[in-house]
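S.K.: After the structure tokens below, expect a handful of questions from me.
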Amino acid sequence: MNVLRSELLKLVSVRTTWFLLGGMLVVEGLYAGLVASLLSEEQLRGRDVSELLVGTPLITVFVFTLGALLSTNEFRHRTADSTFIITPQRERVVAAKLLVGALAGIVFALEFIAINAGLGLSILSNRDVPVDGDTAVDIYTGVAVGMVLACVFGVGLGAVLRNQVVTVVAGLAVFFVLRGVALLLGDAGTYFPAESLAGLQGAVGEDFLLSQVTGGLVFGAYCVVFAIAGMVLTRTREIS
Amino acid sequence: MPEIVIERLTKRYGETLAVDELSFTVDGGHVTGFLGPNGAGKSTTLRAVLGLIRPTSGRALVLDRPFHRLSDPARTVGASLDAADVHPGRSGRGHLRTLAAAAGIPFSRVDEVLAMVELTPARDRRVKGYSMGMRQRLALAGALLGDPRILLLDEPANGLDPQGMRWLRDILGSLAREGRAVLVSSHVLAEVEQTVDEVVVIGDGRLVAQGPLNDIVGGEERPVRVRTPHPDALRAVLEADGAGVATDDRDEVLLVHHCTLERVGTLAAEHGLAIFELTREAQTLEDRFLELTGEGGNVR
């Protein structure tokens with residue numbers, strides 16, 4: 001519990017966290033507002049809220065980055081020394097970071113939904129574009145779970161790679177570059193991290209993706225693999 | 001039982017032998033200087049003690065057990081390995097609170113240690129605005145958070161001005177007088193000479209010397225320096241008494257071996273020979289260190 005409290009303090013005591021949260025709100029507000037306002041009614045009808053979520057991949061990068069910073073800040077600023085001197089059971093530190101990453105993901109997801117649904121759905125309502133409530137709940141749930149998992153994925157990948165720049169670049173490669181490769185691989189490509197996450201989040205216009213549940217399970221498996229790898233490597237590596 | 005025991009500690013990085021069969025102990029109630037030139041293996045040894053790296057062979061024990069087996073490490077060992085190891089975006093107080101929270105230490109203690117290191121006025125400023133001296137104080141505050149019985153400080157004098165040096169000397173001395181074991185590494189010997197009372201000297205990863213500072217510097221073996229207008233007469237008297245006498249560059253200065261200050265003064269008085277100066281020839285820790293490690297700082 002002490003380690004968890006410490007990791008929460010680390011998260012909220014640096015400005016980067018709040019800049020990422022603020023940046024996400026601004027970007028998401030612009031996306032939802034512009035899409036709901038500018039697209040034609042024909043484009044919006046029949047797609048429920050999916051069209052509002054075109055900015056989700058970019059927002060996912062925000063939460064992934066936050067998770068990556070949770071792990072890699074220890075090595076970038078060399079605070080790992082004091083962290084692991086106070087808590088020599090290093091796997092507990094990584095576990096606490098994963099949990100804090102999940103909590104941060106929940107907060108970011110709630111903010112995201114509040115902006116996206118609050119702004120986008122009110123504009124759609126004013127334009128008399130119908131939205132199916134059940135579908136909207138499914139999609140927003142998938143987006144929220146995906147954001148939480150993306151943050152956890154960032155924590156795990158950061159614990160494995162340690163270097164902050166390398167981790168963020170690797171994340172961008174996973175979420176954007178590898179998506180291109182995945183498209184070339186057909187069905188097998190839908191099991192790639194970014195593709196499975198897109199399936200979970202109900203990506204717009206990509207019906208070939210995995211279902212939300214399957215996508216969530218596959219991306220969740222990636223998170224578990226990196227989380228375990230991060231804990232094992234952090235426990236066995238030397239801090240020098 | 002010594003607070004810290006290093007037994008035949010060896011650490012090898014590939015072809016590089018950082019620490020080579022190093023053995024020494026650290027007791028409570030002393031400030032022990034852990035001295036050696038850059039690259040001698042001081043930081044590697046401290047990291048091995050703190051469980052941050054694994055020895056290739058040998059062991060490093062704190063209170064007779066490996067560091068990771070301590071039941072309450074933060075209240076047993078306080079350590080500062082590098083004053084720069086702080087997130088620059090946090091305040092000094094915020095940084096210490098993250099450490100206190102991890103150790104289950106109440107936040108009121110954070111304000112106490114900030115006051116101890118005289119950082120209270122700057123506690124809410126972000127660390128990126130701290131001077132090196134302030135960062136050293138913050139690092140020491142972090143080490144003191146758990147009120148530990150053992151302190152390990154790696155180069156704590158780096159970046160301190162003369163006032164800061166005096167402050168560090170005073171606070172380390174008072175901590176040792178409370179019975180704590182304080183191990184201070186440094187490669188700047190003049191900075192620690194007035195701070196430490198025990199010394200461990202290493203070079204190229206090997207133990208060169210360990211013992212009380214006075215023994216290492218060789219206080220009683222140093223010659224007595226006498227300045228007199230009657231050097232020939234005094235020399236004769238001293239040599240007749242069994243002392244060995246050499247002359248300094250200046251004719252009126254004698255360097256007297258195998259004789260106490262008191263005996264030289266008594267003999268001079270008995271023979272009516274005036275003395276203008278009578279003192280034990282000083283040898284600095286730096287002089288002795290260079291003797292032990294060679295001019296280049298290497299033992300091999």
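The values are calculated or read from the model by the stated rules, or taken from the named source; none is laboratory data. Computed from a predicted model, the values in this text were never measured in an experiment. Neighbour counts run over all protein chains shown; Cβ positions are idealised from the backbone, glycine included. Protein only, heavy atoms only, side chains kept; ligands, DNA and RNA dropped before computing areas. Shrake-Rupley method; radii C 1.70, N 1.55, O 1.52, S 1.80 Å.
S.K.: Which net charge results for the neighbourhood of A:Leu185, defined as the other residues with beta-carbon distances under 12 angstrom from its beta-carbon, given Lys and Arg at +1 and Asp and Glu at -1? Working shown, then result.
M.R.: Values: positive: A:Arg179; negative: A:Asp187, A:Glu195.
Local charge sum for A:Leu185: -1.
S.K.: First measure r as the distance between the Cβ atoms of B:Ser23 and B:Arg250, then evaluate 1/(1 + (r/R0)^6) with R0 = 51 Å and state the FRET efficiency to the nearest 0.05.
M.R.: 0.70
S.K.: Magnitude of the Cβ-charge dipole of region B:223-280, K/R +1 and D/E -1, about the Cα centre, nearest 20 debye? Working shown, then result.
M.R.: Details: 6 positive and 10 negative charges, 33 e Å.
Its charge dipole is roughly 160 debye.
S.K.: Before rounding to the nearest 500, sum -39500 (n - 2.57) across all DSSP H runs of length at least 4 in the protein assembly as shown and divide by the residue total; then give [θ] at 222 nm in deg cm²/dmol. Mind dumping the intermediate values first?
M.R.: Details: 23 runs with 277 residues, N = 540.
Rounded to the nearest 500, the figure is -16000 deg cm²/dmol.
S.K.: Rounded to the nearest 20 Debye, what is the dipole magnitude of chain B about its Cα centre when Lys and Arg each give +1 and Asp and Glu each give -1 at the C-beta?
M.R.: 2020
S.K.: If you don't mind, another one. Projected onto the charge dipole of the protein assembly as shown (+1 at Lys/Arg Cβ, -1 at Asp/Glu Cβ, origin at the Cα centre), which of A:Thr236, B:Gly39, A:Leu66 gives the Cα projection farthest towards the positive end?
M.R.: With unit charges placed on the Cβ atoms, the residue in question is A:Leu66.
S.K.: Separate question: Which of B:Leu213, B:Trp167, B:Ile150 sits farthest toward the positive end of the charge dipole of chain B, with +1 on the Cβ of Lys and Arg and -1 on the Cβ of Asp and Glu?
M.R.: So the residue furthest toward the plus end is B:Ile150.
S.K.: Report the residue, chosen from A:Ser122, A:Ser196, A:Ser50, that carries the largest GNM mean-square fluctuation when chain A is represented by alpha-carbon nodes joined by springs under 10 Å.
M.R.: Among A:Ser122, A:Ser196, A:Ser50, the largest GNM mean-square fluctuation belongs to A:Ser122.
S.K.: What's the FRET efficiency of B:Glu239 with B:Asn38 using the Cβ-Cβ distance as r and R₀ = 45 Å, to the nearest 0.05?
M.R.: Approximately 0.50, to the nearest 0.05.
S.K.: Only counting protein heavy atoms at a 1.4 Å probe, give the residues of region A:215-240, ordered by number, whose accessible area falls by 50 Å² or more when the other protein chains are present relative to the chain alone.
M.R.: A:Glu238
S.K.: How much length is gained on full extension from B:Asn214 to B:Ala190, taking 0.36 nm per residue of separation minus their Cα-Cα distance?
M.R.: Working: separation 24, 0.36 × 24 = 8.64 nm, distance 1.46 nm.
So the extension gain works out to 7.2 nm.
S.K.: Going by average Cβ density within 10 Å per residue, which order do the peptides B:193-200, B:209-216, B:129-136, A:80-87 take, highest to lowest? Mind dumping the intermediate values first?
M.R.: Details: B:193-200: 21.6, B:209-216: 16.4, B:129-136: 18.1, A:80-87: 23.1.
Highest to lowest by the protection proxy: A:80-87, B:193-200, B:129-136, B:209-216.
S.K.: Can you tell me which aspartates and glutamates have their Cα less than 12 Å from the Cα of B:Lys128? Leave out same-chain residues fewer than eight positions away.
M.R.: In chain and number order, the partners are B:Asp85.
S.K.: Right, next: Put A:Val181, B:Val117 in order of accessible area, largest first, 1.4 Å probe: what do you get?
M.R.: Listed by decreasing accessible area, they come as A:Val181, B:Val117.
S.K.: Towards the positive end of the charge dipole of the protein assembly as shown, with charges on Cβ (+1 Lys, Arg; -1 Asp, Glu), say which of B:Gly89, B:Val182, B:Thr16 has the farthest Cα.
M.R.: Sorting the options by dipole projection puts first B:Gly89.
S.K.: Heavy atoms only, 1.4 Å probe, whole protein assembly: order B:Asp72, A:Asp134 by accessible area, highest first.
M.R.: Listed by decreasing accessible area, they come as A:Asp134, B:Asp72.
S.K.: Related question: Obtain the nm distance between the two label points defined at A:Ser37 and A:Ile113 by a simple spin-label model: each point lies 7 Å from its Cα along the Cα-to-C-beta direction.
M.R.: 2.6
S.K.: Can you tell me the length gained on complete extension of the stretch B:Arg12 to B:Arg166, counting 0.36 nm per residue apart and subtracting the Cα distance?
M.R.: Gain on stretching B:Arg12 to B:Arg166: 51.8 nm.
S.K.: Calculate, in nm to one decimal, what A:Leu183 and A:Glu238 gain on full extension: separation in residues at 0.36 nm each, minus their alpha carbon distance. Intermediate results must be reported in sequence, preceding the final value.
M.R.: Numbers: separation 55, 0.36 × 55 = 19.80 nm, distance 3.93 nm.
Result: 15.9 nm gained on full extension.
S.K.: Let me know the shape class of the protein assembly as shown, please: from the alpha-carbon gyration tensor, a ≥ b ≥ c as square roots of the eigenvalues, rounded when a/c is under 1.5, otherwise prolate if a/b is greater than b/c, or oblate. Show your work: numbers first, answer last.
M.R.: Numbers: a/c = 3.82, a/b = 3.03, b/c = 1.26.
Prolate, since a/c reaches 1.5 and a/b exceeds b/c.
S.K.: Ignore the peptide's own chain and count Cβ atoms of other chains within 10 Å of each Cβ in A:68-77; give me the average, rounded.
M.R.: That average works out to 1.
S.K.: Then there's this: Using a probe radius of 1.4 Å on heavy atoms only, what accessible surface per residue do you get for chain A? Whole Å² is fine.
M.R.: That works out to 42 Å² for each residue.
S.K.: Separate question: Charges at C-beta only: +1 for Lys and Arg, -1 for Asp and Glu. How large is the resulting dipole of the protein assembly as shown about its Cα centre, in Debye rounded to 20? Present the calculation step by step, with values, prior to reporting the outcome.
M.R.: Details: 50 positive and 62 negative charges, 230 e Å.
Using Cβ point charges on Lys, Arg, Asp and Glu, the protein assembly as shown gives about 1100 debye.
S.K.: Next question, about the same structure. Which FRET efficiency value, to the nearest 0.05, is calculated for B:Ala115 and B:Leu273 with the Förster distance at 51 angstrom and r the Cβ-Cβ distance?
M.R.: Efficiency at R0 = 51 Å is approximately 0.35.
S.K.: Which net charge results when you count Lys and Arg as +1 and Asp and Glu as -1 among the other residues whose beta-carbon is under 12 Å from that of B:Gly28?
M.R.: Residues close to B:Gly28 contribute a combined charge of -1.
S.K.: Using only atoms on other chains, find how many Cβ atoms lie within 10 Å of each Cβ of peptide A:3-15 and report the average.
M.R.: 5
S.K.: Here is a follow-up. Per residue of B:82-94, how many C-beta atoms from partner chains lie within 10 Å of its own C-beta, taken as a mean?
M.R.: Details: counts 3, 0, 2, 8, 4, 10, 2, 7, 7, 1, 0, 1, 5.
Shielding by partners across B:82-94 averages 4.
S.K.: In region B:1-78, what GluC sites (Glu not before Pro) fall in a loop by DSSP, with at most 10 other Cβ atoms inside 10 Å?
M.R.: Passing sites in region B:1-78 are B:Glu15.
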